[in-house]
Amino acid sequence: SAAPEALAVDKEPEHLRKMYGLDDDKCKHFAAQCLTARRMVERGVRFVQIYSGGMENQRSWDGHNDIHGNHTQFAGETDKPIAALLEDLSQRGLLDETLVIWGGEFGRLPLAQKSKKPGRDHNPHALTYWLAGGGVKGGVSYGETDEIGHKAAVNKAHINDLHATILHLMGMNHEKLTYRHNGRDFRLTDVAGEVIKDVIA
């Protein structure tokens, strides 16, 4: 019964709708998701997930063809709304207690896939996530690839490390979530992972 009011982004003041980009055809779809996310966080929703893309290749970030056009489009759709979400959460005093996580399931190879407008294939060896708010140290980066961006090379972090860090920021010790089943230990970080302390405030 609370959903219609929570989702009513048109009730927000005009300057805020404009800050998110609801007046911009290029990004209004993602802007509505970001503003809805803020309204849900404000109302105590504990986990909110929004998507950019999510369709097949060229209607998503999966730039196998024309990666320049693909990523220019999707970055253009998301840049203003996500910046507005962070600013809005901060102004309302919600960013300190809200962990924002941005990423995908893989990176892109530094090699071109040949076509009239080249694209790039999936890269499971290096990818980027960014975190904001919720106990994260601002303005730092952790890890580097090799000189061509193919493989993680400096301060390598496994996905289990990312998960352990997220759980830590949520107040959970990932090692205490272990349970034994059929003679094997299981946990959310697959009985691995170290908290990446350099990114924690």
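Within region 79-115, the set of residues being over 13 Å from the mean Cα position of the chain (by Cα), assigned to a loop (DSSP other than H, G, I, E, B) and free of Cβ contacts under 8 Å to residues at least 24 places away in the same chain comprises Gly93, Lys114. Of all residues in region 10-27, those satisfying the criterion of being outside any loop (DSSP other than H, G, I, E, B) and modelled with pLDDT of 95 or more are Glu14, His15, Leu16, Arg17, Lys18, Met19, Tyr20. Restricting attention to region 33-47, the residues that are open to solvent by 30 Å² or more (accessible area, probe 1.4 Å) and part of a helix (DSSP H, G or I) add up to 4. Scan region 51-62 and give yes if some residue there is loosely packed, with under 15 Cβ neighbours inside 10 Å and in contact (Cβ under 8 Å) with a residue 24 or more places away in the chain, otherwise no. Scanning region 51-62 turns up no residue that is loosely packed, with under 15 Cβ neighbours inside 10 Å and in contact (Cβ under 8 Å) with a residue 24 or more places away in the chain. Looking across region 116-139, the residues that are open to solvent by less than 70 Å² (accessible area, probe 1.4 Å) and under 30 Å from Glu97 (Cα atoms) come down to Ala126, Leu131, Ala132, Gly133, Gly134, Gly135, Val136, Gly138. Consider region 175-191 and keep the residues that are assigned to a loop (DSSP other than H, G, I, E, B) and surrounded by fewer than 14 Cβ atoms within 10 Å (Cβ to Cβ). The one that is nearest to the chain's Cα centre (by Cα) is Asp190.
If Ala164 meets every condition in (1) touching a Ser or Thr at 6+ places or on another chain (Cβ under 7 Å); (2) part of a loop (DSSP other than H, G, I, E, B) apart from one, which number is that one? Looking at each condition in turn, Ala164 falls short on (2). Filtering region 171-201 to residues that are over 17 Å from Gly143 (Cα atoms), modelled with pLDDT of 90 or more and touching a Leu at 6+ places or on another chain (Cβ under 7 Å) leaves only His174.
The values are calculated or read from the model by the stated rules, or taken from the named source; none is laboratory data. Worth saying up front: this structure is predicted, and the values here are computed from it rather than measured. FYI the Cβ positions are ideal-geometry reconstructions off the backbone, even for glycines, and counts take in every protein chain you see. Remember, those area values only see protein heavy atoms, side chains included, never the ligands or the DNA or RNA. Shrake-Rupley method; radii C 1.70, N 1.55, O 1.52, S 1.80 Å.
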